[in-house]
Amino acid sequence: MDKIVILTGAGISAESGLGTFRDKDGIWTRYPIEDVATPEGFARNPALVQDFYNQRRAQAAKAQPNAAHRALARLQADYAGEVVIVTQNVDALHEAGGARGVLHMHGELARALCNACGHRWDAPEVMAPADPCPACGRPETRPDVVWFGEIPYHMDDIWTHLGGAGLFAAIGTSGNVYPAAAFVQEAAAAGAHTVELNLEPSVTVSDFAETRHGAATEVVPDWVDAVLSGRA
Ligand code: APR
């Protein structure tokens with residue numbers, strides 16, 4: 001059976017009430033990226049950045065997985081081959097919906113990182129600037145999320161998965177951010193069939209062999225049904 005590799009973005013969590021970034025009134029229309037999602041912004045004003053992530057952590061903690069998250073977990077459970085989910089999202093809704101082995105290439109709101117010793121641990125609900133690291137005690141702690149200008153996590157594994165994919169799907173992502181926006185070309189070069197499932201055409205829509213546009217809670221379960229019945 002073909003290996004299936006799935007990339008998800010903020011759009012898959014939109015119907016769970018979590019904001020996307022570039023839609024109308026998206027997160028980046030309310031917070032300048034350089035202030036809250038760069039190492040320079042964190043160095044300049046750690047309290048602002050911690051508050052930004054504390055707010056998102058509180059929202060994510062209240063959110064529930066939706067039919068799209070659950071459909072991907074069903075695909076992992078019922079498909080005879082391997083299904084790898086790579087997400088740009090820092091929420092834990094894939095796991096809450098039953099998915100396993102999710103690769104969080106932009107990190108996770110629920111984790112904290114010490115810049116001094118590299119220790120990672122489960123983040124408290126509220127992180128404050130200069131909280132001491134539980135391992136080394138130094139006040140160099142931050143949310144374990146990947147900021148612009150930093151290297152995404154799990155990239156070696158992700159490129160390997162894409163090189164062996166028979167089917168690649170991008171769900172709920174605008175295709176604006178690299179390297180994730182290039183995954184479709186990597187998968188296509190490996191001979192995979194590629195499909196975009198999104199509310200509207202992404203900026204990379206022309207890279208996909210197939211498109212299924214609509215709300216994730218509608219198009220994703222339909223697509224999973226088609227894959228499991230051999231119709232996709
Ligand atoms: N169903 C399906 N797709 C949706 C829905 C929905 N209900 N609502 C919105 N979308 C689509 C939008 O049309 C848009 O194309 O989800 C996409 C969200 O795009 P972005 O807001 O750009 O989010 P994303 O692609 O995940 O951003 C990638 O950029 O800012 C960084 O680190 C951040 O991980 C993020 C990365």
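The values are calculated or read from the model by the stated rules, or taken from the named source; none is laboratory data. Worth saying up front: this structure is predicted, and the values here are computed from it rather than measured. Note that we place each Cβ from the backbone using ideal geometry, even for glycine, and neighbour counts take in every protein chain shown. Protein only, heavy atoms only, side chains kept; ligands, DNA and RNA dropped before computing areas. Shrake-Rupley method; radii C 1.70, N 1.55, O 1.52, S 1.80 Å.
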Cα-based Rg of the chain normalised by 2.2 N^0.38 Å, two decimals: 1.02
Taking all pairs of distinct alpha-carbon atoms in the range 64-148, Kirkwood radius in angstrom: 14.3
Degrees between helix 67-78 axis and first principal axis of the chain (Cα, 0 to 90, nearest 10): 60
Summed side-chain charge close to Gly163 - residues other than Gly163 whose Cβ falls under 14 Å, Lys, Arg +1, Asp, Glu -1: -4
Helix-derived mean residue ellipticity, 222 nm - over the chain, DSSP H n ≥ 4, -39500 (n - 2.57), to 500: -9000 deg cm²/dmol
Inter-label distance for Asp157 and Arg111, nm, one decimal - labels placed 7 Å from Cα along Cα-to-Cβ: 0.9
Rough spin-label spacing in nm, given labels placed 7 Å along Cα→Cβ, for His119 and Ala80: 4.9
Relative contact order computed over the range 72-230 (Cα-Cα under 8 Å; 6+ residues apart), in percent: 16
Approximate shape of the range 100-227 as ellipsoid semi-axes (Cα gyration tensor, √5λ), whole Å, largest first: 35, 16, 13
Accessible area of Arg74 in the full protein assembly, 1.4 Å probe (Å², nearest 10): 80
15 Å beta-carbon shell around Lys24, net charge (K/R +1, D/E -1): -1
Cβ-based net charge around Ala192, under 12 Å, with every Lys or Arg adding one and every Asp or Glu removing one: -3
Cα lying deepest toward the dipole's positive end in the chain, options Pro124, Val195, Leu103, charges on Cβ: Pro124
Nearest-10 value in Å² for the accessible area of Ser202, using the 1.4 Å probe: 10
